[in-house]
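What follows is a single structure, written as structure tokens, with notes after it.
The values are calculated or read from the model by the stated rules, or taken from the named source; none is laboratory data. Computed from a predicted structure; not experimentally measured. Here the Cβ positions follow ideal geometry from the backbone for every residue, glycine too, while neighbour counts run over all protein chains shown.
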Amino acid sequence: MPTFQNEPIVIHQPGANSVIQGGTLHIEGYVHPYSANPLIIELFKTNGAIVASKQVMHKSLSDGQDYVSFSVDLPYSVKENTPVRLTIRQIMENAPFLDLTLTSEIITLRP
């Protein structure tokens, strides 16, 4: 488990600029949760359309922990090579329209 790096969400895989194929994106990483709200994982095309989305629950931090791990398989469907922005975010508990934390990277999806 990494020590806190001033990044609330750390994506371990896929790496930035990865090319993914087969219809399922496997995502692993670490989160320093600021609330009990789930992580919201989304794939956005360059035109803003959402290719896939999923909410993922996470564990609570134990004493002395900086991060907890998360892992999820996200099904997707594309007909051609499609660059997307993978975003992982957590919303505020009392203001669900505001992101508390957010990280993102560009990847390419293949059918």
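Of the listed requirements (1) loosely packed, with under 14 Cβ neighbours inside 10 Å; (2) part of a strand (DSSP E or B), Glu93 misses just one: (2). If you go through the range 46-84 and keep only what is touching a residue at least 24 places away in the same chain (Cβ under 8 Å), among the charged types (D, E, K, R), surrounded by fewer than 11 Cβ atoms within 10 Å (Cβ to Cβ) and under 21 Å from Val10 (Cα atoms), you end up with just Asp73. Based on this model, can you work out whether Ser62 counts as more than 24 Å from Phe97 (Cα to Cα), polar (S, T, N, Q) and either at pLDDT below 95 or over 13 Å from the mean Cα position of the chain (by Cα) (or both)? Yes, satisfied. For the range 6-13, the criterion of being surrounded by 12 or more Cβ atoms within 10 Å (Cβ to Cβ), out of contact with any strand residue (DSSP E or B) (no Cβ under 6 Å at 6 or more places or on another chain) and not in a strand (DSSP E or B) is satisfied by at least one residue. For the range 78-94, a residue qualifies if it is over 15 Å from Ile107 (Cβ atoms) and either of a type in the set (Ser, Thr, Tyr) or in contact with a Leu (Cβ under 7 Å, 6 or more places away or on another chain) (or both), and the qualifying residues are Arg89, Gln90, Ile91, Met92.
Of the residues making up the range 24-45, those that are assigned to a loop (DSSP other than H, G, I, E, B), of a type outside the set (S, T, N, Q) and surrounded by 13 or more Cβ atoms within 10 Å (Cβ to Cβ) are His32, Pro33, Tyr34, Pro38.
Per the conditions (1) closer than 16 Å to Arg85 by Cβ; (2) touching a residue at least 40 places away in the same chain (Cβ under 8 Å); (3) small (Gly, Ala, Ser), the sole criterion not satisfied by Ala36 is (1). Screening Phe70 on (1) in a loop (DSSP other than H, G, I, E, B); (2) among the aromatic types (Phe, Trp, Tyr); (3) under 27 Å from Arg110 (Cα atoms) shows it passes everything except condition (1). Per the listing Ile88, Ile106, Ile27, the residue uniquely within 17 Å of the chain's Cα centre (by Cα) and farther than 17 Å from Pro8 by Cα is Ile106.
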